[in-house]
Structures are given as structure tokens and as C-alpha cells.
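Below is one structure, written out as C-alpha cells, with a few remarks after it.
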Amino acid sequence: MKKKSKFKLTATRGLIISIIFTLLCAVSANLLLSNFGKVKIETTTVQTRSGDNVSIRVYSPKAATADNKAPAVVFAHGLSTTKECYAQYALELARRGFVVVTPDMLNHGGSDITPYETFFTDMNADAYGVYAAVKYVSELDYVDLDQIGIAGHSMGGNATNMSVTLDNMSGNPVISAVYLVASNPMFTDFEGNWVNIYGDRNVGLYYTYYDHVYFSTKDANGAPVPAQQFLDSNEAKSFVSFGQDPSTLTDVKVIPGHTYTTDINGKQVIRRITKADEIHPKPQGGNGAVAAVVDFFQESFVAPNYEVGGMQIWNFYSLASVLGLFGALAICVFTIATLTKTKFFSSLKAEDNKQLRPAPNKTGKIWFWVLTIANCAFAFLSVSFIFKKGYGYFATEVLAQQTTNIYALWSLANGIFMLITSFGSYYLYARKQGDTLKSWGVRISIKDFLKSLLLAVIGVLSVLAVLYIAQYVFQIDLRFYLWGMREMRLDHLYLFFTYLPFFLVFGIAVSIAINSAYYSKIGKEPTLLNDLFFAFMNMIPAFTITFIGYYLFAKTGFQPNIFGAPFTFTYMINAIPVFPVAVLLLRRLAKYCNNPYIPGIIVGSLLCFMQVASVFTCHTFMFMG
């Protein structure tokens, strides 16, 4: 009897499977986001009074009509993120019958990039564009004008407060409820007098106990008081007392979770503080804040489909989204694998069943551990130097993204250092063992280098194609929590090319290191374990800095001035999973390529695109040292 042949995952089959898998993830994410077709999702543009375009996403329950009006909520994202990063709030509110609008603030995502003066000082910019979204909602014929709310996380909370101020000045206020997520309420007027700026609006506050950005106050002597003591502050007492002067509130005790009520203009108005033992970024991907926001607006308004905030499905959406991201990376890998089998790219194909080299001798192992530890230590030193010298806090007309500048400089520094250690090990050790730059794949012909460049570009475009299809067809980005990728406006692509050289140096340097210099076993471990080791080593600096920083902050209530500056640890959280995933992608690509340039160019380009597509952009000179 003839045996059935075992299934073999060829490059072509892998590509087909990864495309189908990614498509299924995108469809699943879209179905969850649209409440299985019950919510219409569309992306459109509104204009501020300053004439700038704001990209907004509108979630409209199909049950909401001119005859059956629905309550509405505008939710503003935080600094250096985008509207897609907070899709969970829109998903949970929309499936309960709320119309939800999530804008990209000006200088973020799909909105216009404005001059410094417009963004920071022009009231006609409409609270970074957020109030323009509020006005848009108020003009929808299927929205109940008596039930329009606004909420925001972090800087989105600032935009929320600014929108309330603009609403007060409008002569025809439309906002009737406000929720601030990990962001300070307004306590005083422009003259510093305690006042109830929110008037008869219901207001809720999600107070993050371990917040390094907001909720710090000052005592009677002007000394700083940490965020952990916010509930005992005059500000908190005034907030729950509807703007009263705290000097008259000696008996007031702020109780988290308690609903404080009063009568204003014949209307019962509430104030509420929800305390969460969370760090500042957690609400961007945490269940607690979503539940608090949902329950607050369901209590303030009449929710068409009431369901307690704790009943959430957005985690399934998040799972589908991040699996779609991995699917997009798999498409890239199998695209490269497929093309290297064609006649044109055949000279770039790796040897069949490419294996890691055997473990080096004793001298080689000493070199391996010394250089591995040196690269890891340099990552600590270089990022500390960047922040110590103030280079973590600058932007220029050309390098216009402050956050990206941190990672760009860090990538460049570490890339150069890895090139030095890799080639140093070659000339001092590997060459004596019979290795050559040709056997490393570093020395190739000009013709093959140009082909490698073309192949790498195709690999990058395969991922970008998925991102643009996800955005414009399925109305999603591909992400998990703080980490993900989204499309980029074509007229903003110059930012990608501006920062690309920094990340290319890093990508190619890491590829030469792990796919050439260190492309060997440490002992007798399997290949996957070897890959995971390098992924782990690349994660150590960011993880350690983040852990130590937040641990000391939690213990003292104040940001520790370590690793060069008080804010260093707060930026490193974004890098924790990115570098390990980059290493694993480099190794997977190297399996099909005979040189380190193809994986390095692809990974460097994707890291760059991922970074510049979402963050705050400001073409001006800023330097905070």
C-alpha cells in the first residue's frame, strides 16, 4: 500500500496560507469592530476654524436614525498615538448603541501637520481638532443633541478640557458629559480662582495611581506631592465639590468610586473618581478604563443597548489585529522565500536547509560572550547618554518627531557599535578560523547588491500593502496595546525617508551581527532556542530600564533621575517587544537569503515606518535639556 506523502510547507504554500490567514484576521477584526455589521464604520475629514483637516473615524449604529436618535461620544487619543489605538473604546460604546467619533489630533496620524504656532497657540485649531469633531457630531441628524459626551486619555484629556472651554465660549454648548482618562481636570480659571468650569455637565475621572505625567500636586509650601497622594489634595476635594474653594472643605473626604451629586440649574449633576492601580499608558490597552468610560456614559445618557462596562469583547478584536500583524510579517518572509526561487533572484537564494554553524571553540565562545554582553551594555550607556545630553527632547524643521528622534539616535548609535564589534571579531578571530567576508555574505557583487535592494523593497511593500488594505478596506490598524503598524498619508511619506537612514544602519548592523558574525550555535541548542536567545538579549536593555524606572517610581512617587534623565524609563516601554520581534524576523528572512542586507533593509525599513506613522510631528526647533 502506497503511503500518503506528508504535507510540506513550501515557499509558495506558505505565502498562500499567510495571505489567507491575514485576510481572515482582518475580516474577524472588522466584524468585531462593527459589532458584526450592526455598526457602520467610515473615515472622513472635518475642518478646523484654522482651515486644517482632521481625520476622523465615525462609528454609527445602524439602529440610529433621524427618528431614533442616539447618544454620542467623541474620544480623543493621547500624544504620539492615533485614533486607531483607542478603537476598543469606540467598539464597546458603539455596540451599546452610542455614535462614536475618534479624531486624529492635528499633527498626528491622518490629520494635517500644522505649524508650531497653530498647534499650540491658535484657538481656531479647535483643541488640536477635537472640538471640530464635536461640532461634526452635533450636526448629525441621528444624534441626540442633549446627549453628546467627550472623553480623552492623557493629552486627549487636555484636548477634552480645551473643547469644554471652547464649548463654553460658543454661545451654544453641545457637550453635556465629560470623562478624563489619566488626565487632570480643570480646577481654576485663568486668574487662578477655584471654579466649576464644567458647569452642569457630568464629569468622571479615571485616576491612575502610578501616573508619572498627571495628578502630581503641590503642598502649602509649594513642594511637589506625588500622584499617589492626589486623593488627599485640594484639587481632588474641589473636583468632587463642584469647583468650591478647598479652604472651605475641611470635612470633605474624596472616596474613589463614590458618586458625588448636586443640583445645578434644576439638573442633577455628578462627579466621580475611579482609582486604578495602573501606570499612565495602561488605559491605552486596559479593561478597567474601558469599563469606567462605558459605565459613566451609560449612566449619564440613555444607552440604547445597556450592558455593564465589564462585559467586553474588544480583547478578541485586539487578538485578531495582532495576529494580522504577524500574518503580514509572514507574508513578507514567504514573499522573499518565493522570489529567491525565481531565475532573476536565484543568485540571492540561501543554500538548501541552511543551518547554524557549529558552536565555536573555547576562544570563539569567549569572543561571543564578551561581544554579546558589550553590545547589551552599550545599549544601556548609549540611551543614557542620549537623555543625559538632552537629545531625547529635541525636534527640528527636518527631524520633526521628538519621540522618533530618540529611537533614531539610539538605533544609529547601537548600529555603529554592532558593526564595530562584528567586524572586530572577524579580523581578530573569525578570519583565523577560515571565515571570509564572502562566507559571511557581506562581500557580494554590485549586481547582487542591487538585486538584494530590489528584493528588500518588494518585501517591505508586501507588508505596507497589507497595512493600507487593512486601513482602507477593513478600517483597522494592526497592533497590540502600544505596539503596532498603521498606514501613512502619502504626503507624509517624506518623514519616513527622512528617518530611514538611521534605522537602516541599525537593521543592517543587527543582521550582520546575528546572521553573519554570530550565525552559530552557542552549544548544542536547537535553532529556535538560539533565535530566542538573541531576541531576549535585545530586549534586556529596554525591559530593565522600564522595570527599574517604574519600580522606583512606584516606591517613591517621584520619577527617578536614572539612565540619564527622569523620563528615560517611560520611553523605553515602547521598545520592549519591538526589538525581539525584529530579531526573530531577521532570522526568519535569513533562512532564505544568502546575504545579511536583505533582512537588514527590510527590518530597518519596517521599524522606521512603524515609528514615524503614528507619532506627533512638529516642524520647529525644540530643545529641552
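The values are calculated or read from the model by the stated rules, or taken from the named source; none is laboratory data. Note that the coordinates shown come from a computational prediction; the quantities given were computed from them, not determined experimentally. All Cβ positions, even for glycine, are placed from backbone atoms using ideal geometry, and neighbour counts span all protein chains on display. Side chains included, ligands, DNA and RNA excluded: accessible areas come from the protein's heavy atoms. Shrake-Rupley method; radii C 1.70, N 1.55, O 1.52, S 1.80 Å.
For Trp410, Trp194, Trp483, give the ranking by accessible area with the largest first, probe 1.4 Å.
The ranking, largest first, comes out as Trp194, Trp483, Trp410.
Can you give me the solvent accessible area of Asp67 with a 1.4 Å probe, rounded to the nearest 10 Å²?
150
Put +1 on the Cβ of every Lys and Arg and -1 on every Asp and Glu Cβ in the chain; which of Ile366, Thr259, Phe417 then has its Cα farthest towards the positive end of the dipole?
Ile366
Measure off 7 Å from each Cα along the Cα-to-Cβ vector at Leu552 and Asn168, then give the distance between these two points in nanometres to one decimal.
The answer from the label model is 4.0 nm.
Given a Förster radius of 35 Å and the C-beta distance between Thr527 and Val27 as r, what FRET efficiency does 1/(1 + (r/R0)^6) yield to the nearest 0.05?
Approximately 0.55, to the nearest 0.05.
What trypsin sites (Lys or Arg not before Pro) in the stretch 1-107 are in a loop by DSSP, with at most 16 other Cβ atoms within 10 Å of the Cβ?
In loop regions of the stretch 1-107 (DSSP not H, G, I, E or B), the sparsely surrounded trypsin sites (Lys or Arg not before Pro) are Lys2, Lys3, Lys4, Lys6, Lys8, Lys38, Arg49, Lys62.
Given the C-alpha centroids of the stretch 416-481 and the stretch 388-415, what is the distance between them in whole angstrom?
Cα centres, the stretch 416-481 to the stretch 388-415: 22 Å.
Taking 8 Å as the Cα distance limit and 6 or more residues as the minimum spacing, I'd like the relative contact order of the chain as a percentage.
16
Looking at the stretch 38-169 only, what percent of DSSP beta bridges run antiparallel? Nearest 5 please.
Bridges in the stretch 38-169 that DSSP calls antiparallel: roughly 60 percent.
By how many nm would the segment from Gln47 to Asp435 grow when fully extended, if each residue of separation counts as 0.36 nm and the alpha-carbon distance is taken off?
Between Gln47 and Asp435, full extension yields an extra 133.5 nm.
Rolling a 1.4 angstrom probe over the protein chains, ignoring ligands and nucleic acids, what is the accessible area of Lys354 in square angstrom, nearest 10?
Probe radius 1.4 Å; accessible area of Lys354 about 50 Å².
Express the relative contact order of the stretch 361-430 as a whole percentage, based on alpha carbon pairs under 8 Å and six or more residues apart in sequence.
Value for the stretch 361-430: 37 percent.
With a ≥ b ≥ c the root eigenvalues of the C-alpha gyration tensor of the stretch 484-625, is it rounded (a/c under 1.5), prolate (a/b larger than b/c) or oblate?
Verdict is oblate for the stretch 484-625.
Ignoring everything except DSSP H segments at least 4 long, calculate the 222 nm mean residue ellipticity for the chain; use -39,500 (n - 2.57) per segment, divide by total residues, nearest 500.
My calculation for the chain gives -14500 deg cm²/dmol from helical runs alone.
Please find the FRET efficiency linking Asn193 to Tyr116, where r is the Cβ-Cβ separation and R0 is fixed at 45 Å, and quote it to the nearest 0.05.
According to the calculation, E is roughly 0.90.
Ignoring ligands and nucleic acids, what accessible area does Asp219 show with a 1.4 Å probe (Å², nearest 10)?
Roughly 70 Å² of Asp219 is accessible to a 1.4 Å probe.
Please list His153, His258 from largest to smallest accessible area, probe radius 1.4 Å, with all protein chains kept in place.
His258, His153
Debye sum, Cα scatterers, the chain, no solvent: what log₁₀ I/I(0) at q = 0.10, 0.11 1/Å?
-0.93, -1.09
Leaving out ligands, DNA and RNA, and with a 1.4 Å probe, what % of the accessible surface on the chain is carbon or sulfur?
Solvent-exposed carbon and sulfur of the chain make up 62 percent of the total.
List the chymotrypsin sites (Phe, Trp or Tyr not before Pro) in the stretch 267-306 that DSSP assigns to loop (not H, G, I, E or B) and whose Cβ has at most 14 other Cβ atoms within 10 Å. Which are they?
The qualifying sites are Tyr306.
Does the stretch 302-371 come out rounded, prolate or oblate, given a ≥ b ≥ c as the square roots of the eigenvalues of its C-alpha gyration tensor, rounded meaning a/c under 1.5 and, failing that, prolate meaning a/b above b/c?
oblate
Compare the peptides 74-81, 342-349, 259-266 by average per-residue count of other Cβ atoms within 10 angstrom and give them in order, highest first.
74-81, 342-349, 259-266
Please work out the ratio of the alpha-carbon Rg of the stretch 410-560 to 2.2 N^0.38 Å and round it to two decimals.
Against the empirical 2.2 N^0.38 Å value, I get 1.34 for the stretch 410-560.
Ile458 to Phe621: extension gain in nm, 0.36 nm per residue of separation minus the Cα-Cα distance?
Between Ile458 and Phe621, full extension yields an extra 55.1 nm.
At 27 angstrom or more along the helix axis (alpha-carbon based) and mean Kyte-Doolittle of -1.0 or higher, what helices does the chain contain? Whole DSSP H runs only.
Taking the DSSP H segments of the chain (at least 27 Å long, mean hydropathy at least -1.0), we get 11-33, 314-339, 362-388, 402-428, 446-472, 493-512, 527-556.
Per residue, how much accessible area does the chain show when a 1.4 Å probe rolls over the protein heavy atoms, in square angstrom?
42
Would you mind telling me the antiparallel percentage of the DSSP bridges in the chain, rounded to 5?
55
So what is the relative contact order of the stretch 282-438, in percent, for Cα pairs below 8 Å that sit 6 or more residues apart?
Normalised by residue count, the contact order of the stretch 282-438 is 13 percent.
Among rounded, prolate and oblate, which fits the stretch 261-305 when a ≥ b ≥ c are the square roots of the eigenvalues of its C-alpha gyration tensor, a/c under 1.5 means rounded, and a/b larger than b/c means prolate?
Cα axes put the stretch 261-305 in the oblate bin.
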